[in-house]
Amino acid sequence: MSYTHSVGERGHRRAVVGGAAGVVALVLLAAGCGAIPGSVTSVDDVSFDQELAIPPLAESEVIDGVRTFSLTAQEGTTSFAPAVEPGTETETWGFDGAYLGPTLRAERGERVAVDVANDLDEATSVHWHGMHLPPEMDGGPHQEVEPGGTWHPTWEIDQPGATLWYHPHPHGATEEHVYRGLAGMFILDDDATRAADLPAEYGVDDVPVIVQDKVFDDAGQLELTDDGAEPGTLGGVVMANGTVGAFHEVTTERVRLRLLNGSTARTYAFGLPDRSFDLVATDGGLLEAPLELDHVRLAPGERAEIVVTMEPGETTRVASAEADLGNVAAPFAMGGNDAFDVLELRAADELEPSPEPGWGPSRHAEADALEVSDATVTRTLELDERRINGELMDMSRIDEVATVGDTEIWEVRSTVPMPHSFHVHDVQFRVVSIDGEGPPPELAGPKDTVYLEPRSTYRLLMRFEDYTDDAVPYMYHCHMLRHEDEGMMGQFLVVEPGSEATPGPLRGAAVGHAAH
């Protein structure tokens, strides 16, 4: 695989032009070249004549009451025509295949296990993004799997039905591993999602859509640029489920799209140019009621479930409009001026009827609810160029300690004029306010990742439940993956009341790799 940067010692990658200085340099360069208000990396136009690939549902078997899956990280080759010359095979990575991975699916209340094997030539990991689970099962940098090794995490699903995903999280190399193709969806079902009047036939009217952008070199190989641009590589080729110029045949009046921003840096503003849609779920599950929108902004790591209504015989496209990135220094340099089509929807001449979106509350709703009045702890986190509260990531340091059962408010702020996407492991949070005002309705649902507009304060409400460990941490970090790899990440413990654990050096043997 071809890259224009070399990955050196893990966690200490070279930055050619970094941080706010790099942003200023880009602005000056663009101004000198007369590029404003254009785009530094525009997205290529393509013909939408490739059928959308649908990741298969992962096979599983129930062993001693545990639903057991298997995943193998492996090398392969993939054809990305028409982005590359027909017949060109691009070197890629995938789970159980050449690119991306199967969709795992489980029910609330089930116990699951995943046999994770690593057939790559370097260590990787599998993080269950958005999942509530014990820290030793989280798949973060403390659970790396060596080449030839295996890992066997197991946990009970105890959270609302939602569209989650899985991806590598190796220390200092997450961007590269995700960019090569290691990612997949993990769908959770519960009583509310099963009873909802939503399209529900996987791959037909309930469709996973993993959106990513790539750069290809002259030989048709993936290229991960390291030129100091913020917030990282912005590719000129946008694909859905690994398909460039994808279309999907719609056979029902309504189609549910599970949108995942699987890019490493680009923020999208998804919508359809000729109609509105219903937003029905965010990262962590269903909204209280469908919300009619004309676009939804998704930063790296964020998800949204939308329902699109169509008429027989018509064609429309899911597109990304110019994304409002907030008060960033140079929107044109960060993809804010880019507008392009992503996926074509083609309605059949006759469509099967679909119900109006709607649902009732889950029987778990009261237990799942978060109340600001229950918060007993407030933490403040400031994100600058690559640090959180002035610190770069250190695998051997604990930055925060939470007590199990506590409800907390995290006040998170980006202090610099560049994009950041903030993710917390283990929990789904609620955005209480942005600069003292209630969040827009599209941010009112459960979230585990949120785009931080520069110099705005986001108050996030979360509760730590069930799992404790005095030595194995969870992570919080920027999900712009280059930022994460270069140090914009911290570690926190969840402990029992009365624990002696404190911020500082990490005790025990947590630093290292998973068993193999």
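Look through region 61-73, keep the residues that are crowded, with 18+ Cβ neighbours inside 10 Å and of a type outside the set (A, V, I, L, M), and return whichever of them is farthest from Met239 (Cα to Cα).
First pass over region 61-73, keeping only residues crowded, with 18+ Cβ neighbours inside 10 Å: 67, 69-71, 73.
Still in the running and of a type outside the set (A, V, I, L, M): 67, 69-70.
Numbers: Arg67: 32, Phe69: 27, Ser70: 26 Å.
For region 61-73, the residue satisfying everything is Arg67.
Report every pair of residues separated by at least 6 positions or lying on different chains whose Cβ atoms are under 6 Å apart, first residue within region 134-158 and acidic (Asp, Glu), second surrounded by 18 or more Cβ atoms within 10 Å (Cβ to Cβ) and in a loop (DSSP other than H, G, I, E, B).
Sorted first by the residue in region 134-158, then by its partner, the pairs are Glu136/Val472; Asp138/His425; Glu144/Ala123; Glu144/Ser125; Glu144/Pro170; Glu146/Ala123.
In region 202-221, how many residues are charged (D, E, K, R), part of a loop (DSSP other than H, G, I, E, B) and in contact (Cβ under 8 Å) with a residue 24 or more places away in the chain? Please lay out each step first, then the result.
Residues of region 202-221 charged (D, E, K, R): 205-206, 213-214, 217-218.
This time we only want the ones that are part of a loop (DSSP other than H, G, I, E, B), so: 205, 217-218.
Still in the list and also in contact (Cβ under 8 Å) with a residue 24 or more places away in the chain: 205, 217.
Number of matching residues: 2.
In this structure, does Thr233 turn out to be surrounded by fewer than 19 Cβ atoms within 10 Å (Cβ to Cβ), farther than 16 Å from Pro102 by Cα and not assigned by TED's automatic domain parsing to the domain that holds Met131? Spell out how you get there, then give the answer.
Working: surrounded by fewer than 19 Cβ atoms within 10 Å (Cβ to Cβ): no; farther than 16 Å from Pro102 by Cα: yes; not assigned by TED's automatic domain parsing to the domain that holds Met131: yes.
Against the criterion (surrounded by fewer than 19 Cβ atoms within 10 Å (Cβ to Cβ), farther than 16 Å from Pro102 by Cα and not assigned by TED's automatic domain parsing to the domain that holds Met131), Thr233 does not qualify.
Here is a check on your reading of the model: is Val318 touching a strand residue (DSSP E or B) at 6+ places or on another chain (Cβ under 8 Å), in the same structural domain as Leu279 (by TED's automatic domain parsing) and within 15 Å of Val238 (Cβ to Cβ)?
Working: touching a strand residue (DSSP E or B) at 6+ places or on another chain (Cβ under 8 Å): yes; in the same structural domain as Leu279 (by TED's automatic domain parsing): yes; within 15 Å of Val238 (Cβ to Cβ): yes.
Considered against the rule, which asks whether it is touching a strand residue (DSSP E or B) at 6+ places or on another chain (Cβ under 8 Å), in the same structural domain as Leu279 (by TED's automatic domain parsing) and within 15 Å of Val238 (Cβ to Cβ), Val318 comes out as yes.
Output the residues belonging to region 206-219 that are touching a strand residue (DSSP E or B) at 6+ places or on another chain (Cβ under 8 Å), surrounded by fewer than 22 Cβ atoms within 10 Å (Cβ to Cβ) and either charged (D, E, K, R) or not assigned by TED's automatic domain parsing to the domain that holds Phe340 (or both).
Once the filter is applied, which keeps residues that are touching a strand residue (DSSP E or B) at 6+ places or on another chain (Cβ under 8 Å), surrounded by fewer than 22 Cβ atoms within 10 Å (Cβ to Cβ) and either charged (D, E, K, R) or not assigned by TED's automatic domain parsing to the domain that holds Phe340 (or both), region 206-219 yields only Asp206.
How many residues, within region 342-367, are crowded, with 18+ Cβ neighbours inside 10 Å and in a strand (DSSP E or B)?
So the count comes out to 6.
Working only within region 330-341, note down all residues that are in a strand (DSSP E or B) and not hydrophobic (A, V, I, L, M, F, W, C).
Looking only at region 330-341, we keep the residues that are in a strand (DSSP E or B), and these are 340-341.
Asp341 - this is the single residue of region 330-341 that is in a strand (DSSP E or B) and not hydrophobic (A, V, I, L, M, F, W, C).
Going residue by residue through region 224-232, is there one that turns out to be in contact with a strand residue (DSSP E or B) (Cβ under 6 Å, 6 or more places away or on another chain) and in contact (Cβ under 8 Å) with a residue 40 or more places away in the chain? Before you say what the answer is, go through the steps one by one.
In the first step, residues of region 224-232 are kept if they are in contact with a strand residue (DSSP E or B) (Cβ under 6 Å, 6 or more places away or on another chain); the result is none.
No.
Using beta carbons and a limit of 7 Å, which pairs, at least six apart or on different chains, have the first residue in region 448-469 and within 28 Å of Ala330 (Cβ to Cβ) and the second one aromatic (Phe, Trp, Tyr)?
What qualifies is Thr449/Phe422; Val450/Phe422; Val450/Tyr458; Leu452/Phe422; Leu452/Tyr458; Leu460/Trp410; Leu460/Phe429.
Conditions (1) farther than 30 Å from Arg430 by Cα; (2) crowded, with 20+ Cβ neighbours inside 10 Å; (3) among the β-branched types (Val, Ile, Thr), marked per residue:
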residue	(1), (2), (3)
Glu51	yes, no, no
Glu85	yes, no, no
Thr92	yes, yes, yes
Arg105	no, no, no
Val114	no, yes, yes
His129	no, yes, no
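What number of residues within region 229-268 are under 15 Å from the mean Cα position of the chain (by Cα) and of a type in the set (A, V, I, L, M)?
Counting residues in region 229-268 that are under 15 Å from the mean Cα position of the chain (by Cα) and of a type in the set (A, V, I, L, M) gives 4.
With more than 16 Å from Leu164 (Cα to Cα) and either aliphatic (A, V, I, L, M) or assigned to a loop (DSSP other than H, G, I, E, B) (or both) as the only criterion, which of Val112, Val84 stands out?
After ruling out the rest, the residue left standing is Val84.
Name, by its number, the condition in (1) over 18 Å from Arg482 (Cα atoms); (2) buried (at least 17 other Cβ atoms within 10 Å of the Cβ) that does not hold for Gly405.
(2)
Inside region 266-292, can you point out the residues that are part of a strand (DSSP E or B) and either within 19 Å of Glu344 (Cα to Cα) or outside the structural domain of Val238 (by TED's automatic domain parsing) (or both)?
So in region 266-292, the residues part of a strand (DSSP E or B) come out as 268-272, 275, 277-282, 285-292.
Across region 266-292, the qualifying residues are Tyr268, Ala269, Phe270, Gly271, Leu272, Arg275, Phe277, Asp278, Leu279.
Does Gly487 meet the test of being in contact (Cβ under 8 Å) with a residue 60 or more places away in the chain, outside any strand (DSSP E or B) and crowded, with 24+ Cβ neighbours inside 10 Å?
Values: in contact (Cβ under 8 Å) with a residue 60 or more places away in the chain: yes; outside any strand (DSSP E or B): yes; crowded, with 24+ Cβ neighbours inside 10 Å: no.
Judged against the criteria, Gly487 is not a match.
Does region 155-168 include one or more residues that are aliphatic (A, V, I, L, M) and either assigned to a helix (DSSP H, G or I) or over 27 Å from Arg256 (Cα atoms) (or both)? Walk me through it before giving the result.
So the first thing to find is which residues in region 155-168 are aliphatic (A, V, I, L, M), and the list is 157, 162, 164.
Okay, now just the ones that are also either assigned to a helix (DSSP H, G or I) or over 27 Å from Arg256 (Cα atoms) (or both), so none.
No, region 155-168 contains no residue that is aliphatic (A, V, I, L, M) and either assigned to a helix (DSSP H, G or I) or over 27 Å from Arg256 (Cα atoms) (or both).
The values are calculated or read from the model by the stated rules, or taken from the named source; none is laboratory data. Just so it is clear, the structure is predicted and the values come from calculations on it, not from any experiment. Because the Cβ atoms are built from the backbone with ideal geometry, glycine has one as well, and the counts that use them run over all protein chains shown.
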